[in-house]
1. Could you name every one of the strands (runs of 3 or more DSSP E) located completely within the range A:172-289 that has at least 2 residues being over 22 Å from residue A:87 (Cα atoms)?
2. Considering the range A:89-122 alone, what residues qualify as being under 30 Å from residue B:63 (Cα atoms), modelled with pLDDT of 95 or more and within 12 Å of chain B (Cβ to nearest Cβ)?
3. Just one of the numbered conditions (1) part of a helix (DSSP H, G or I); (2) touching a helix residue (DSSP H, G or I) at 6+ places or on another chain (Cβ under 8 Å); (3) within 16 Å of residue A:28 (Cα to Cα) is not true of residue A:488; which one?
4. Within the range A:195-204, identify whether any single residue is surrounded by fewer than 24 Cβ atoms within 10 Å (Cβ to Cβ), more than 23 Å from the chain's Cα centre (by Cα), facing chain B (nearest Cβ under 10 Å) and closer than 17 Å to residue A:61 by Cα, and answer yes or no.
5. Just checking, which of B:59, B:30 is touching a helix residue (DSSP H, G or I) at 6+ places or on another chain (Cβ under 8 Å), closer than 24 Å to residue A:77 by Cα and in the same structural domain as residue B:85 (by TED's automatic domain parsing)?
6. Name every residue in the range A:532-589 that is more than 30 Å from residue A:223 (Cβ to Cβ) and within 14 Å of chain B (Cβ to nearest Cβ), in order of residue number.
7. Out of the range A:55-112, which residues are free of Cβ contacts under 8 Å to residues at least 40 places away in the same chain and not in a helix (DSSP H, G or I)?
8. Is it true that residue A:161 is away from chain B (no Cβ under 14 Å) and modelled with pLDDT under 95?
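The values are calculated or read from the model by the stated rules, or taken from the named source; none is laboratory data. Not measured: the values here are computed from a predicted model. Cβ atoms come from the backbone with ideal geometry, glycine included; neighbour counts cover every protein chain shown.
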């Protein structure tokens, strides 16, 4: 694309975002009415690579197969069913208005844009809200066993940032059931021969031929071989970059290497500083921990968050002299209900996380570290009875007990006539990344023929994602958006044969992968991959975490340079290039996490405002709320790779254009 | 939290065709650390000593993806009930204990390396019929067809299966009946699954037999060891579905 040079720097021309004409509510219909299609006989001649089998990847691969395209589908685990979408607990939003509580497509659109602190692309979000209802229909037809009422109709619950109940759920395992639904459709296409599935494969590079993405180099994780695959288009559905922080709610194999490979090939990376810190995770308990466990946001429907009002009580709790259930009602500070009366415990995640940090910073935190707050079910159990509460959250209570040895459904104390149950202890943790590869309205990156869907792209959640919207976006992209928009690109590719994998571009890409591998094996230093990754995570959390300042970000960038040096000169990878070698695969990923860490810090340093998950301490209101700067930062920050990892990336802006929604200060108080 | 030292007696096998053997490792850990994190600690020590770390599968580490396996002290997913290996904490073991760790042992799940096995056979069974044949986009409104809460809840209980393979590992015959029956049940209990009901039961059972899983003799070990407590009644339902399908042929 031809960038425009302005006094403010390089800008993406409005036309290249490909936002269709017309009022926001008609854009998607207009697009579909006028896009180019590929006829069934020609679809058979076209091949699409889909990397990833989470909600976005599996739904895209199966739907493209149903349409008649040939699909090559890759997953890093031993089965497509294990992609990390499976761990999503709470639910999926849709604007069905089955509860008759005033919901609509517009309201879901509005809540999502507001929840994202006015940094999402308006037209994309409207489309997301528009197709949300189709997703529920699709999933029910697949036999996804959503929760139902006794009358046989679907049940709903509430999630943060909304005043309606629009979240559909399957116990605390909604992601699992939706993913198994997409996996079942995928299996049908595999059986029919339209999708070829490659398990235990990891993408290492995207291959560009004549300026278009034409294939990938992927490593077979069992044999250790690099293999070449060619296609007419490549779709990345490889998730987010949360594991840059080492400790997160992401799975062990979640990584950003595919996205970083695309970035190194010239795809813009958008808004990397927008990282979601989820307020309700089980607190860190030691230095041996490998990951953090989320406690679903749905718990905030009935759970109340509090810390003691009194510092002395907090100290006693920290020392273990008293338990949470020993603190009577009048000595508890339900700080979310106090600060945000209109939304209470169901404020969005960024707001809830910051409020928890504020209390802990002031010394009111609990746990032996002082870094936790209580999530309490006493009121709900006293009101509804333990059976009803267990029916709703039983599996989460069990999960909590397995990890901490405390059962939140057990009576802790009786003070006067009031029963106090054991509260959970929770603390914020890295959970999701709103930033990602820049995509246009068609979900195409800045590289021709390369698409990014699901958490891998940046477009729909702005600076903060609302609960139950990740599942919605993954399935929207895969079932209902990409299968349309990719045809607009493929329609003029029907006479182009699928490229040969013997082209010099494939030779070169594979050669580079091998060279990088040999480099890693040759260092023979003294640091294990995990020890460097833990250090990286520590720096990211400390200096690029929940609260950032100019100084902290500059410190981070300096420290990350040292980390890179340690990695390049003193890493130790055992074993060889042949066969299964997990340490070697982790080393590849760590190299990209370090690049990602720098990218997050550069973006956070550039954005001199606070919005959503990005909180710069210099920019806050007197009440400690995020203070946006719409005059100077009402844009998507896209980062352009400058040829090597040691040079700072160049900033390119996509100015945001809001037509339907008035941009205003986010308010959850009244 | 209290510190503890355990001896891990771990199955090491260089590759699918290699001869395997048990090796003993002593590792210091604590009661609040998970079993897999203890294996991480051990691997970190092995890397420090420039030895090859133990290969094992795990991903979500919150009990839902089904990637982790391990036969620990004679039980798939270890001594805890209703939990996967990744949800197992060291407080379940005694200080000084020797813990035996093996891969799933079943003809249908060949060892890839050390504790990692190939469970591709499970995907193949699902591909044989674990779906409703319809294309995206044609579905009616989700509330047009009421479904009884009881049926939906029962379907959910069956659909909770995480496909880890513990049932096969626990079964003396290496049967996959619990896994297959959970999927067949989910569809059989819901109206959308009715059209292909007979075909699905026939095809999935045929595929299971073809892939070398053993027969079911109703010992119930699968259900007893299942980390998701999938009920044995699913197998009864599968038998009924299969016989009905065969009779209708």
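1. By residue number, A:195-199, A:201-209, A:212-220, A:226-230, A:233-236.
2. A:92, A:94
3. For residue A:488, the failing item is (2).
4. Yes: the range A:195-204 contains one or more residues that are surrounded by fewer than 24 Cβ atoms within 10 Å (Cβ to Cβ), more than 23 Å from the chain's Cα centre (by Cα), facing chain B (nearest Cβ under 10 Å) and closer than 17 Å to residue A:61 by Cα.
5. Working: B:30 fails: closer than 24 Å to residue A:77 by Cα.
It is B:59.
6. Answer for the range A:532-589, where residues must be more than 30 Å from residue A:223 (Cβ to Cβ) and within 14 Å of chain B (Cβ to nearest Cβ): just A:535.
7. Listed by number, the residues that qualify are A:100, A:104.
8. In short, yes.
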